Amino acid sequence: AVTAVPIEVKVTPDKEVLVTSRTVTAVTTEKVTVEGNRLFIGDSQTAKPVSILPHEVPNIAINSADIASIEHIELKTEEQKPLYEVTGSREARLLFFIPVTVPIRAEISAVDGKIISTQKPLWSLFAF
């Protein structure tokens with residue numbers, strides 16, 4: 001049996017929309033609606049269902065995008081597709097002995113949870 005996860009939607013004074021499920025919050029500037037237990041992003045003509053809820057995003061980012069620490073999760077649409085943009089980092093050693101923090105940005109599909117893209121600085125190729 002699938003257990004429904006409560007979704008909380010709040011609008012901040014500066015018009016950001018906070019979408020929270022199980023203590024994890026994603027920020028968006030786009031219109032979101034909740035119908036039944038389903039989350040949608042976009043206006044009434046172009047609303048797309050969001051199958052992956054905010055609380056599922058950290059696990060995907062940590063396991064699939066090499067992110068150890070998450071700083072920000074944004075829910076948005078690109079080319080009519082809902083996605084999460086996750087900003088975070090991981091600790092590494094540059095050339096095996098200089099400790100560094102590697103910034104990472106990942107785009108994760110809000111439909112199926114797959115990694116769309118990952119961006120790291122070029123110098124991170126030398127960080128292990």
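Throughout, read-outs are computed from the coordinates displayed, never taken from laboratory work. Small disclaimer: the values here were computed from a predicted structure and weren't measured. Here the Cβ is made from the backbone with ideal geometry for all residues, glycine too, and neighbour counts use every protein chain on show.
See the values below:
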{"item": "Computed FRET value (nearest 0.05) for Asn37 with Asp112, which takes r as the C-beta separation and R₀ as 25 Å", "result": "0.85"}
{"item": "Shape of the stretch 60-124, Cα gyration tensor, a/c cut at 1.5", "result": "prolate"}
{"item": "The chain, relative contact order in percent, only Cα pairs under 8 angstrom and at least six apart counted", "result": "17 percent"}
{"item": "Efficiency of FRET between Thr12 and Glu91 - r from beta-carbon atoms, R0 41 angstrom, step 0.05", "result": "0.85"}
{"item": "Förster radius 30 Å - calculated FRET efficiency between His72 and Val5, Cβ distance, rounded to 0.05", "result": "0.90"}
{"item": "Cα-based Lys pair tally, the chain, threshold under 25 Å, eight or more apart or on separate chains", "result": "19"}
{"item": "Candidate values (1) 1.16; (2) 1.00; (3) 1.07, label of the one derived for Cα Rg over 2.2 N^0.38 Å", "result": "(1)"}
